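The values are calculated or read from the model by the stated rules, or taken from the named source; none is laboratory data. Just so it is clear, the model here is predicted, and its values are computed rather than measured. Ideal geometry is used to build each Cβ from the backbone, glycine not excepted, and the neighbour counts take in all protein chains shown. These area figures cover heavy atoms from the full protein model, side chains too; ligands, DNA and RNA do not enter into them. Shrake-Rupley method; radii C 1.70, N 1.55, O 1.52, S 1.80 Å.
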Amino acid sequence: MQPLLSAECLSKNYGHGDIFRDVSFTVDAGETIGLFGMSGSGKSTLGRCLIGLERLSDGRVLFEGAEVSKLSERRLRELRPAMQMLFQHPEMSMDPRMRLCDSVAEPLAYHEGRERSDVFSDLLPLIAAVGLRPDQFSCYPNQLSGGEIQRAMMVKIYSLSPKLIIADEPTSMLDMSVQAQILGLMKNLQKKNNTACVFISHDPQVMLAMCDRIGVLGEKTFRVMNAGEFAGYAADLSV
Amino acid sequence: MNILEVSELNVAFPTRRGLVRASQNVNFSVKEGEICVLIGETGSGKSVIGQAVLHLLPQNARVSGSVRYAGEEILLISEQKFSRLRGHEISLIPQNPTGSLDPLMRCGQQVAEVLDVCGVPKEEHSSRTTSILSALSFSDPELVAASYPHELSGGMRQRLTTGIALAASPRLLVADEPTKGLDYAARKRTIEMFLNLKRRGTDSVLMITHDLELAEMIADQAGVLYSGELVEFGPAADVFSSPLHPYTKGLMAALPKNGMTPMPGMCPGLAQLPDGCYFHDRCPTPCEENHVHPLMHEVCGRQVRCSRC
């Protein structure tokens, strides 16, 4: 079976040296692969390259067998809903001047050519699934907590039924108990929709709780480990 | 001897939505040479307690209660009197090291500034700065002293602010979220640094954090805050190994290493607190009658705010 996403010999440099080099891995449908590394190891840049927000210096990314960088603008637009990204700072991912109901309905309204108000009623089951109330969506982002905005962000992303989600430290700015709620929710939605996930984090315990395999970005090296191997590696890191 | 005694501390802020009661009837004490950690989530009022101790609350804060430092009342004393304590006897490791350092001053000068205020002769500044920095496990303290803050990593800046706080050899250190925003390696070094302080046994620390693992590793006493109130306070080893309050139990179960079991619901807003138990709606074993607000009482050598315990 063809993997959903294949990364082949990816490298990225900004002219003053490599950020990462020779990164290769595959992700199957429904699978979660972790990207682990310290600050500055290039894990967020790698995530952005996978989804096409940044250009690679070398290597290629295949999504369902098609090379992403060689797709036409039209084909890429068709593909966009299938690949989504969840960012670290939920409060910066929403337009501060838009009510949440407009923000969360915007992607589906755009891709399906419908009115935002029509789309919002279709999102009600998803809103209930993430544990928010529809009335909270008449607020602006600054009126809600970080955990609530990250949930709203999940409504926005899952409304497109993506096949792949790149989650860039989605809970690193949240409290422990809210982190457990959000990650639990991600797992449930992922299982229900058979969504694949590239999960970026610097917390080894979160990695072990979320991921089937973990890619470790070291200094210009990249190695994919299974959960057991990573547990041993993480134990060496701990105090 | 208690270096810090906080009793019946109340801090509230008048807002358009009503009175936000950020801290309510908080009682605890820190013994000399002990690390006391206050754990709480965003909005639980933990930073407000640190700010009240350091007289750093905004002007519109309504404060009552008592804070005694080495037996002397300090909560409502004049700013002039308190400035003799702040930085000399009581120091702060601020929450945001990047925003707390002067970007235009070399790191060494920022440590020496404190030494200057403390009356250390100028010729000793350089050697004292180097010894403070090397005690914080900087491998090349001279290089760090000659650098600007932007040349250091997040973890190094965190250690530098700790160095500045320790420069005057304070008797009490208030550390506000010392591991927030740090990656795994930087967090590990910060934890090691606090473990070293603990081994020295001379520093009294009041630490405010939501990093439960950090708290578990370094605390002697631990207090858990929920919606502005302490719900559990006692010896850290007991609080973490056998939590009594259902909120503390929920927090421990939410840790990734304990299976990441989420607690249902959210904290109530501090402007619309219910009359009875604040945790009632989220509690797995709620009381049938919830008219009376539970008080702190002693159970197994610690204080717990739950009528079921």
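Using every pair of separate Cα atoms, the Kirkwood estimate puts the hydrodynamic radius of chain B at 20.4 angstrom.
When exposed loop sites are taken as trypsin sites (Lys or Arg not before Pro) in a DSSP loop with at most 13 other Cβ atoms within 10 Å, the longest stretch of chain A clear of them is A:115-239.
Write down the percent of antiparallel bridges among all DSSP beta bridges whose residues are both part of segment A:109-239, to the nearest 5. DSSP beta bridges in segment A:109-239 are roughly 50 percent antiparallel. For a straight C-alpha distance cut-off of 14 angstrom, the aspartates and glutamates reachable from B:Lys122 (same-chain residues fewer than eight places away being disregarded) are B:Glu113. Computed over segment A:119-239, the range of Cα coordinates on each principal axis works out to 48, 29, 23 Å, biggest value leading. Length available on full extension from A:Glu112 to A:Arg55: 0.36 nm per residue minus the Cα-Cα distance, which gives 17.8 nm.
Mean separation of Cα pairs under 8 Å and 6 or more residues apart, divided by the residue count, gives segment A:5-238 a relative contact order of 30 percent.
Put a dot 7 Å past the Cα of B:His293, heading toward its Cβ, do the same for B:Asp281, and the two dots end up 1.7 nm apart. The B-A contact accounts for roughly 2100 square angstrom of buried accessible surface, both chains included, probe 1.4 angstrom. Considering only GluC sites (Glu not before Pro) in DSSP loops that have at most 12 other Cβ atoms within 10 Å, the longest stretch of chain B without any of them is B:1-287.
Taking the alpha carbon gyration tensor of the protein assembly as shown, multiplying each eigenvalue by 5 and rooting it gives semi-axes of 42, 31, 21 Å, largest first. The convex hull of the Cα atoms of segment A:5-238, projected and averaged over all directions, covers 12.9 nm². Listed as lacking a disulfide-compatible partner in chain B: B:Cys36, B:Cys107, B:Cys118, B:Cys267, B:Cys277, B:Cys283, B:Cys287, B:Cys300, by the criterion of no other cysteine Cβ under 4.7 Å. Sparsely packed loop sites in segment A:5-44 (the chymotrypsin sites (Phe, Trp or Tyr not before Pro) outside DSSP H, G, I, E and B with at most 15 other Cβ atoms within 10 Å) comprise A:Tyr14.
For segment B:77-135, the C-alpha radius of gyration divided by 2.2 N^0.38 Å, with N the number of residues, is 1.25.
One chain, two ends: B:Asn96 and B:Ala271. Fully extended at 0.36 nm per residue, the span grows by 60.3 nm beyond their Cα-Cα distance.
Compute the label zone of A:Asn226 within segment A:1-34: residues whose backbone N is under 19 Å from the point 7 Å along Cα-to-Cβ. Within reach of a label on A:Asn226, which here means backbone N under 19 Å from a point 7 Å along Cα→Cβ, segment A:1-34 contributes A:1, A:25-34. Summing +1 for each Lys or Arg and -1 for each Asp or Glu, what net charge is found among the other residues whose Cβ lies under 11 Å from the Cβ of A:Gln179? Every neighbour counted, the sum reads -4. In summary, segment B:91-237 shows an alpha-carbon radius of gyration equal to 1.07 times the 2.2 N^0.38 Å reference for compact globular proteins. Pairs of Cα atoms in segment B:198-309 fall into 10 Å distance bins, from 0 up to the last occupied one, in shares of 13, 43, 34, 9, 1 percent.
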